[in-house]
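The values are calculated or read from the model by the stated rules, or taken from the named source; none is laboratory data. Since we're looking at a predicted model, the values are computed, not measured. FYI the Cβ positions are ideal-geometry reconstructions off the backbone, even for glycines, and counts take in every protein chain you see. In case anyone asks, the SASA skips ligands and DNA or RNA and just uses the protein heavy atoms, side chains included. Shrake-Rupley method; radii C 1.70, N 1.55, O 1.52, S 1.80 Å.
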Amino acid sequence: TAVVRDGKLLLRGIRAKEGTDTARYQTGCIQTKGKFSFLYGKLEVRAKLPQGQGSWPAIWLMPEESKYGGWPRSGEIDVMEHVNFDTVVYQTVHSHYTHNVKQTKHPASSGTTPFRLGEFNVFGMEWYPDKIDFFVNGQKTFTYPKLASDTTGTQWPFDQPFYMILNQELGGTWTGPVNDAHLPQQHEIDY
């Protein structure tokens, strides 16, 4: 579910009421597809992340149109993903180069960094024509550069407008099963 309360956006992961939904869980998500997308610039989201088995809050970007083809060819930018009880967040770019060709080290396509548990943190990125810098609480965590040799968008599909997604997922192959005793999970966004 997604609600605004006391000036904050609350994205919640809850157990669905039996008989009212075919899914076991309901999760909150908002996206700007078809409403707002951008090409290059700065993005910051101040958020408080939950802790719990099966929790998967994220702040990410997807292409408004798939200029280079379906996922992962047209790219994905994960400004922040958090799973379960981890004490770090994950910041990653996905493309044909990183996912299918499996070039994740040259250059590094992801980074992890600690954050303040139980408090608001600022997750951000600065996106340029030739690199994406990632930040947590104003500190640069890593940079993903465009390779000069990429002329087809295979490594750098990040030359097209992307839209933003904020969500609180539950479960999946990365998180493992959801522990219902840890529900509800709440990804709280200040700005």
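Send over a whole-number figure in Å² for the accessible area per residue of region 1-100, probe 1.4 Å.
On the way: 5040 Å² over 100 residues.
The answer is 50 Å² per residue.
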ask   = Which value in nm describes the separation of the simple spin-label points at E65 and K17, placed 7 Å from the Cα toward the beta carbon?
value = 4.3
message = Tell me the per residue accessible area of region 136-187 using a 1.4 Å probe; a whole number in Å² is fine.
response = 45
ask   = In the Gaussian network model of the chain, springs joining C-alpha atoms below 10 Å, which of G171, G118, G54 carries the largest mean-square fluctuation?
value = G118
remark   = The Cα radius of gyration of region 98-191, divided by 2.2 N^0.38 Å with N its residue count, comes to 1.33
note = For region 8-99, listing trypsin sites (Lys or Arg not before Pro) in a DSSP loop whose Cβ sees at most 15 other Cβ atoms within 10 Å gives K17, R24, K33, K35, K67
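Taking the Cα centre as origin and putting +1 on Lys and Arg beta-carbons and -1 on Asp and Glu beta-carbons, what dipole magnitude results for region 54-167, to the nearest 20 debye?
On the way: 8 positive and 12 negative charges, 59 e Å.
Value, rounded to 20: 280 debye.
How many percent of the alpha carbon pairs in region 3-89 exceed a separation of 22 Å?
Details: 1624 of 3741 pairs.
Value for region 3-89 (Cα pairs over 22 Å): 43 percent.
Can you give me the Kirkwood hydrodynamic radius for the chain, using every pair of distinct Cα atoms, in Å to one decimal?
Details: mean 1/r = 0.0581 Å⁻¹.
For the chain, the Kirkwood estimate is 17.2 Å.
Which chymotrypsin sites (Phe, Trp or Tyr not before Pro) in region 84-184 sit in a loop by DSSP (not H, G, I, E or B) and have at most 14 other Cβ atoms within 10 Å of their own Cβ?
Details: sites: F85, Y90, Y97, F115, F120, F123, W127, F134, F135, F142, F158, F162, Y163, W174; in loops: F85, F115, F158, W174.
Of the chymotrypsin sites (Phe, Trp or Tyr not before Pro), the ones in loops of region 84-184 whose Cβ has at most 14 other Cβ atoms within 10 Å are F85, W174.
Expressed as a whole percentage, what fraction of the accessible surface of the chain belongs to carbon and sulfur atoms when a 1.4 Å probe is rolled over the protein heavy atoms? Spell out each step's value before the answer.
Working: 4850 of 9400 Å².
After summing per-atom areas, the C and S share lands at 52 percent.
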